[in-house]
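K.L.:
Below you'll find the structure I mean.
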Amino acid sequence: MIPEEIENYCKLNSSPELSFLAELNRETHLTQVYPRMISGSMQGTLLRFICRMINPEKVLEIGTFTGYSAINLALGSEGMVHTIEVNPEQETIIRKYLKEAGVENKVTLHFGEALKIIPTLSETWDLVYIDADKPNYLNYYQMVFPMVRKGGWIIADNALWDGKVLSARKADKDTVGIIEYNEFVRKDERVENLLLPFRDGLMLARKI
């Protein structure tokens with residue numbers, strides 16, 4: 001969403017990617033069909049910083065992929081991270097890099113459909129990070145909302161969806177899911193929110 005030269009300048013003037021995250025980034029691009037799904041260095045660092053700022057004890061991630069964002073959430077948190085991934089074939093790479101990062105004891109992996117797993121969790125969440133199938137974003141939000149503490153946060157990735165949110169008339173189901181999510185959060189009087197134009201867009205909502 002921003003010019004490549006500006007993004008490169010930002011990376012140049014930011015702390016370098018941690019070595020084990022760089023390895024995970026590389027392996028993801030070599031082995032995965034859709035490597036762009038990885039959070040990447042800039043967004044991973046931002047998630048790590050957010051956790052260090054709010055110091056959550058309980059974090060829920062919906063959509064693990066190869067574990068890049070889960071590792072950053074765990075590195076930034078003193079507490080536990082629960083992460084849900086629909087594809088069990090990702091377990092090997094996820095566990096490999098959780099160990100490399102030294103956070104394997106801070107992350108609980110759940111494999112299966114998030115809409116079925118979330119109701120089985122009895123935690124009160126300080127932070128929820130949504131980065132899964134776009135048509136279900138609003139379902140995830142509504143399901144986790146009662147489980148988020150007052151003052152807690154819900155962050156949704158891909159809130160700009162490559163700019164497709166501006167073309168509602170030609171929207172596919174993923175774009176429609178993002179648009180509906182953004183509009184619902186904007187109108188939800190139970191939160192204050194910020195749609196941050198960072199990478200592919202982050203919708204931040206704080207429960208009030």
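The values are calculated or read from the model by the stated rules, or taken from the named source; none is laboratory data. Remember, predicted model here, so these are calculated numbers, not experimental data. Please note: Cβ atoms are built from the backbone with ideal geometry, for glycine as well, and neighbour counts cover all protein chains shown.
K.L.:
Keeping to region 3-37, report how many residues are assigned to a loop (DSSP other than H, G, I, E, B) and surrounded by 11 or more Cβ atoms within 10 Å (Cβ to Cβ).
P.N.:
Final tally of qualifying residues: 5.
K.L.:
Based on what the data block shows, is VAL59 over 25 Å from ASP200 (Cα atoms), in contact with a helix residue (DSSP H, G or I) (Cβ under 7 Å, 6 or more places away or on another chain), buried (at least 16 other Cβ atoms within 10 Å of the Cβ) and among the β-branched types (Val, Ile, Thr)?
P.N.:
No: the conditions fail for VAL59.
K.L.:
Would you point out which residue out of GLU113, GLU91 is at pLDDT 95 or above, among the charged types (D, E, K, R), within 23 Å of GLU180 (Cβ to Cβ) and surrounded by fewer than 17 Cβ atoms within 10 Å (Cβ to Cβ)?
P.N.:
GLU113 is the lone residue from the list that is at pLDDT 95 or above, among the charged types (D, E, K, R), within 23 Å of GLU180 (Cβ to Cβ) and surrounded by fewer than 17 Cβ atoms within 10 Å (Cβ to Cβ).
K.L.:
Taking ASN72 as meeting all but one of (1) of a type outside the set (A, V, I, L, M); (2) in contact with a strand residue (DSSP E or B) (Cβ under 8 Å, 6 or more places away or on another chain); (3) assigned to a helix (DSSP H, G or I), write down the number of the exception.
P.N.:
Result: ASN72 fails condition (2) only.
K.L.:
Return the only residue of GLU78, GLU104 being out of contact with any Phe, Trp or Tyr (no Cβ under 7 Å at 6 or more places or on another chain), part of a loop (DSSP other than H, G, I, E, B) and at pLDDT below 95.
P.N.:
When all the criteria are applied, what remains is GLU78.
K.L.:
Pick out the one residue from GLY163, GLY102, GLY152 that is small (Gly, Ala, Ser) and in contact with a strand residue (DSSP E or B) (Cβ under 9 Å, 6 or more places away or on another chain).
P.N.:
Among GLY163, GLY102, GLY152, only GLY152 is small (Gly, Ala, Ser) and in contact with a strand residue (DSSP E or B) (Cβ under 9 Å, 6 or more places away or on another chain).
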